[in-house]
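Read the structure below first, then the notes.
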Amino acid sequence: MKSTMVPNLGREISLVGLGTWQLGGDWATVGDETAQEVLNAAADAGTRLFDTADVYGDGRSERAIGRFLAGREDRDDFVVFTKMGRRANPHTPEEYSLDNFRRWTDRSRENLGVDTLDLVQLHCPPTPVFSDGRVYDDLRTLVAEGRIARWGVSVELVDEALAALEQPDLATIQIIVNIFRRKPLERVLPLAAERGVGIIARLPLASGLLSGKYDEHTTFAPEDHRTWNRDGSKMNIGETFSGIPFEVGVAAAREVAALTPAGWTTAQMALGWLAQIGVATMIPGASKVSQAQSNAAAAEFPELPAETMDRLERIYETYCREHVHSVF
């Protein structure tokens, strides 16, 4: 597995990580044993980074990773990124307090079975949080107390990422970026590279659109966010299909699929594209062993020629830009 050095994180991370929202069981039925099989398959394929959150299955995802780590002799080779903040009720800026940070991180430490969390990210907090210096000072307190080693942010908006980048010790930014979500390429990625901040590409396959396997007749289970959040009524609309209307995404994905090199899948090309634009890591999910293995193999995807990169940009401009640039 190729790796990336993130200066502000102080370590290398695998180019392809594993997102574990689905292991929490909130929108996919993944049993406990299947979760272990997926984690081990990803690890055996070279993945050394797992991304989770305290709210994924109310801690179930973190506990699955903790169980995985406890069974590995090479556990020190792995890094786990978790997130905090979405447990706040109400989800308001005032809830992002040091007392809550201590409580939330103590729970995650217990779930994962570690003394110090490798990285904690603010989990898409309300926008004003990103401009509140007290919040960052509280995160630094957690570092000083040994609860966490580094801290980062997960964002919905480019402007939120730019606000966080004003902090000199910010380690990572987790942001939606993929072939259908190019806006972060304009300012966020260049500034992050300049300041030693790692970009974690989430939703790298646009909720599966970039697998190229869906058509206008594809349906999803009632509990799947791709059913209940298409209109953005339950959470930010960008979390589902990257904010692209499903029918538009299907049409765009057909054109992307036509550019896939022989011997590779469209999903692997989408991950390979991310590597080529310079993200530190990407965190596709997997609910099956085969998916974890296929995603990890994308680290070896060959560099796309300039004409293909140009064609992918034109697909974005034709289908996606109007749904992304003025919103996110």
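The values are calculated or read from the model by the stated rules, or taken from the named source; none is laboratory data. Not measured: the values here are computed from a predicted model. Neighbour counts are summed over all protein chains in view; Cβ atoms, including those assigned to glycine, are modelled from backbone coordinates with ideal geometry. Note: accessible area is taken over every heavy atom of the protein model, side chains too, but ligands, DNA and RNA are not part of it. Shrake-Rupley method; radii C 1.70, N 1.55, O 1.52, S 1.80 Å.
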* Residue by residue through the range 170-188, note down the ones that are part of a helix (DSSP H, G or I) and either surrounded by fewer than 21 Cβ atoms within 10 Å (Cβ to Cβ) or of a type in the set (D, E, K, R) (or both). => Lys183, Leu185
* **Index of the failed condition, Asp115 passing every other in (1) touching a residue at least 40 places away in the same chain (Cβ under 8 Å); (2) surrounded by fewer than 19 Cβ atoms within 10 Å (Cβ to Cβ)** => (1)
* Asked: If you check Pro93 against the conditions, is it touching a residue at least 60 places away in the same chain (Cβ under 8 Å), out of contact with any His (no Cβ under 8 Å at 6 or more places or on another chain) and either more than 25 Å from Pro125 (Cα to Cα) or open to solvent by 10 Å² or more (accessible area, probe 1.4 Å) (or both)?
  -> no
* Structure fact -> Sole miss for Asp76 among (1) closer than 22 Å to Arg202 by Cα; (2) surrounded by fewer than 16 Cβ atoms within 10 Å (Cβ to Cβ) is condition (1)
* Restricting to the range 122-146, what's the tally of residues that are surrounded by fewer than 20 Cβ atoms within 10 Å (Cβ to Cβ), touching a helix residue (DSSP H, G or I) at 6+ places or on another chain (Cβ under 7 Å) and not acidic (Asp, Glu)? -> 5
* Asked: Would a scan of the range 294-306 turn up a residue that is modelled with pLDDT of 95 or more, hydroxyl-bearing (Ser, Thr, Tyr), touching a strand residue (DSSP E or B) at 6+ places or on another chain (Cβ under 6 Å) and over 16 Å from Phe180 (Cβ atoms)?
  -> no
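Pick out the one residue from Thr308, Thr281 that is in contact (Cβ under 8 Å) with a residue 60 or more places away in the chain and among the hydroxyl-bearing types (Ser, Thr, Tyr).
Residue meeting the stated conditions: Thr281.
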* Residue that is nearest to Asp118 (Cα to Cα) [pool: residues in the range 18-54 that are acidic (Asp, Glu) and surrounded by 23 or more Cβ atoms within 10 Å (Cβ to Cβ)] -> Asp51
* Looking at the range 251-262, is at least one residue open to solvent by 10 Å² or more (accessible area, probe 1.4 Å), over 16 Å from Ala286 (Cα atoms), in contact (Cβ under 8 Å) with a residue 40 or more places away in the chain and of a type in the set (Asp, Glu)? -> yes
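Residue by residue, here is whether (1) within 14 Å of Leu49 (Cβ to Cβ); (2) within 22 Å of the chain's Cα centre (by Cα); (3) basic (Lys, Arg); (4) loosely packed, with under 14 Cβ neighbours inside 10 Å holds:
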{"site": "Phe68", "(1), (2), (3), (4)": "yes, yes, no, no"}
{"site": "Gly71", "(1), (2), (3), (4)": "no, no, no, yes"}
{"site": "Val80", "(1), (2), (3), (4)": "yes, yes, no, no"}
{"site": "Ser97", "(1), (2), (3), (4)": "no, no, no, no"}
{"site": "Asn100", "(1), (2), (3), (4)": "no, no, no, no"}
{"site": "Trp104", "(1), (2), (3), (4)": "no, yes, no, no"}
{"site": "Glu110", "(1), (2), (3), (4)": "no, no, no, yes"}
* **Any chance Asp58 is closer than 22 Å to Met235 by Cα, without any contact (Cβ under 8 Å) to a residue 60 or more places away in the chain and open to solvent by 50 Å² or more (accessible area, probe 1.4 Å)** => yes
* Asked: Restricting to the range 39-54, what's the tally of residues that are under 17 Å from the mean Cα position of the chain (by Cα) and closer than 13 Å to Gln291 by Cβ?
  -> 3
